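One structure is given below, encoded as structure tokens.
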Amino acid sequence: MMTGIEAAEALKDEQCKIIILTTFARTGYFNYARAAGVSGYLLKDSPSDELARAIRTIMSGRKVYAPELMDMINQNDNPLTDREGQVIQLIAEGKSTKEVADHLKIKTGTVRNYVSVIYEKLNVSNRIEAISLFKDRGWFK
């Protein structure tokens, strides 16, 4: 069974317009959907007249995205540096501090410093929260 985003990705090159109607007001899902080429990404709690208007707009050849998500995207820039992003990516892959250090050819203490900075920038207190937030925001490459 496919998710909506997987189905959109599979249909990306077809001559059809894809609208995702979801409860997920998360920038990560939204970014994945846009990358899959969807014509619309709308929230299920939108009033029915707005949904009908959005469908007509999409059928006329334009894209429609939930305004709430556009606001989130504009306020949702990744605060991490490229190196900090590499560190969290490796951590998300299950690598230990030593493995991250070995992979990046830096000292374990430097990795621990990066992890502390990541926690501070993301306003989280552990690796699980950091990875979850990073994933939800669609920042993994």
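The values are calculated or read from the model by the stated rules, or taken from the named source; none is laboratory data. Being a predicted model, the structure only gives us computed values, none of them experimental. A quick note on method: Cβ atoms are made from the backbone with ideal geometry, for glycine too, and the neighbour counts reach across all protein chains shown. Note: accessible area is taken over every heavy atom of the protein model, side chains too, but ligands, DNA and RNA are not part of it. Shrake-Rupley method; radii C 1.70, N 1.55, O 1.52, S 1.80 Å.
Listing for the model above:
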{"item": "Pairs of Cα atoms farther than 20 Å apart, the range 1-105, %", "result": "53 percent"}
{"item": "Tally of Lys pairs whose C-alpha atoms are under 27 Å apart, taken over the chain, 8 or more apart or cross-chain", "result": "29"}
{"item": "Distance between modelled label sites at L11 and S116, nm, 7 Å Cα→Cβ extension", "result": "5.0 nm"}
{"item": "Farthest positive-ward along the range 1-89 dipole, Cα basis, beta-carbon charges - from L80, F24, M59", "result": "M59"}
{"item": "Heavy-atom accessible area ranking, 1.4 Å probe, most first, across Y114, Y41", "result": "Y114, Y41"}
{"item": "Whole-number percent relative contact order across the chain, with pairs defined as alpha carbons under 8 Å at least 6 apart", "result": "23 percent"}
{"item": "Area of K121 that stays accessible when all protein chains are in place (1.4 Å probe, Å², to 10)", "result": "90 Å²"}
